[in-house]
1. More than 31 Å apart: what percent of Cα pairs in region 161-370 qualify?
2. Please tell me the relative contact order of the chain in percent, rounded to the nearest whole number, where contacts are Cα pairs under 8 Å and at least six residues apart.
3. Within 10 Å of each residue's Cβ, count the other Cβ atoms and sort E16, E227 from fewest upward.
4. Taking the chain as a Gaussian network, Cα atoms linked when under 10 Å apart, which of K102, K253, K167 shows the biggest mean-square fluctuation?
5. Greater than 27 Å separation of Cα atoms is the criterion. Which listed pairs, K30/K371; K30/K64; K193/K292, meet it?
6. Take the chain, drop everything but the C-alpha atoms, weight them equally and run the Debye formula without solvent; then report log10 I(q)/I(0) at 0.11, 0.13 Å⁻¹ to two decimals.
7. Cross-link candidates for K290: which lysines have Cα within less than 24 Å, leaving aside residues fewer than 8 places away along the same chain?
8. Straight distance only, please: which lysines reach the Cα of K167 with their own Cα at less than 23 Å, same-chain residues fewer than 8 apart left out?
Amino acid sequence: MFYFFLGNTPDLSLLELRKVYPGEFTFVTKDIASYDAELDLNSLPHLGGTMKVAQSLEVVSPKKVISTLVELISADSQKNIALTDYASLDLGRAVFHELKDKVERSIRFVSMETGPHELVMLSHQHVLELNLIPSGSLLEGKSQNIIIAKTVWIYDAEDWVSRDRSKPYRDIKRGMLPPKLARIITNLATGGKSGLTLADPFCGTGTVLMEAMMVGCNVLGGDTNPEAITGAKSNLEWILSTPGLAPRTYALKLGDATHFDEFFPSCDCIATEPYMGPLLDERNPSSLDKIKNIAKGLDKLYRGAFKSFYKSLPVGGRVVMTIPSFRVYGKEISTISIDTLVTLGYNYISSVPYSKPGAAVIRNITILEKK
Ligand SMILES: C[S@@+](CC[C@H](N)C(=O)[O-])C[C@H]1O[C@@H](n2cnc3c(N)ncnc32)[C@H](O)[C@@H]1O
């Protein structure tokens, strides 16, 4: 059994896992999901929403945790050991010291909410990390056995940050789509298959297209702004120079998403964060009427775009789009509705909201398939 430690939007991370892997995932806590099937560890760096994966070694009663840990640690040659308690066992100092005395090795007790910095440290120091995970649902408060699982993969936090910071072209006006979210959207569109042609008709600086190239797609991008097209071109050329990346192709066109099919008549799937309206000043909110008008304009733009995408996609081809809605004055104002998308010829698959606490704009990450 494998345990996936999910990122800050667990529902979205789980959706990504369910689209990429064939086996069953089940929530064990609110941000850990179990997976009971074969797993190719080399596929894990492709994920955008998982921070760490551990493999189960033993399932024991709480009383046997210490003795089993002693056995497992003694049998492993790694000098540094870390222990992370996700089971709320309250391994008090006394118990922790007892374990330390018994194994005579350096053990670090990592807090339950292992932050990205600790994860980076662990992955660099070749530490054997053992995780204590509840076997029943902690959420239901049942008494349970404890799973002892060994960390087998940790995401490369530095790689994500450096790709975002070092790319040649950045533009805050064109929105700051987090690269991990761009990767998740890509994986939702491709289902983890490489070799597909993925398009972003609102490509901006090319965040989605860069992540898609990293996982083996050939890419197509369109945007109405010439500066975005030039910027995306330099970013994609830069990605192509990544050591070890197999050759990929790309094409970029200046054009409106509502005419996408005229300049790109075919693609396998579409993944995009579209134009979401003018940047809203959250300290000085626009009037409700103004926001309703913005939403109406976006609805029209998206209808036109979805009609055009339909002509370029194969039957069953997916569109994954961050469809915005606005949370203002205690109301949620939506843009295009699922009913409209269904009448435009798409099957609705699912949608997960993604937003920062208190933010006015919610990105509804929506998966559709052409009927
Ligand atoms: C939020 S940004 C896109 C982010 C992009 N998907 C990425 O991965 O970085 C929105 C982009 O849509 C472009 N845009 C606005 N209206 C458009 C339209 N009608 N057709 C195509 N692009 C449009 C803007 O120029 C802007 O670059």
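Readers should treat all values here as calculations from the given coordinates under stated rules, not as data from a laboratory. Quantities reported herein were computed from a predicted structural model and do not represent experimental measurements. All Cβ positions, glycine included, derive from the backbone under ideal geometry; neighbour counts span all protein chains shown.
1. Tail of P(r) above 31 Å: 16 percent of Cα pairs.
2. 13 percent
3. E227, E16
4. Most flexible of the set in this elastic network: K102.
5. The answer is K30/K371; K193/K292.
6. Listed by q, the Debye log ratios stand at -0.82, -1.04.
7. Partners within reach: K173, K300, K331, K356.
8. K167 reaches K180, K233, K253.
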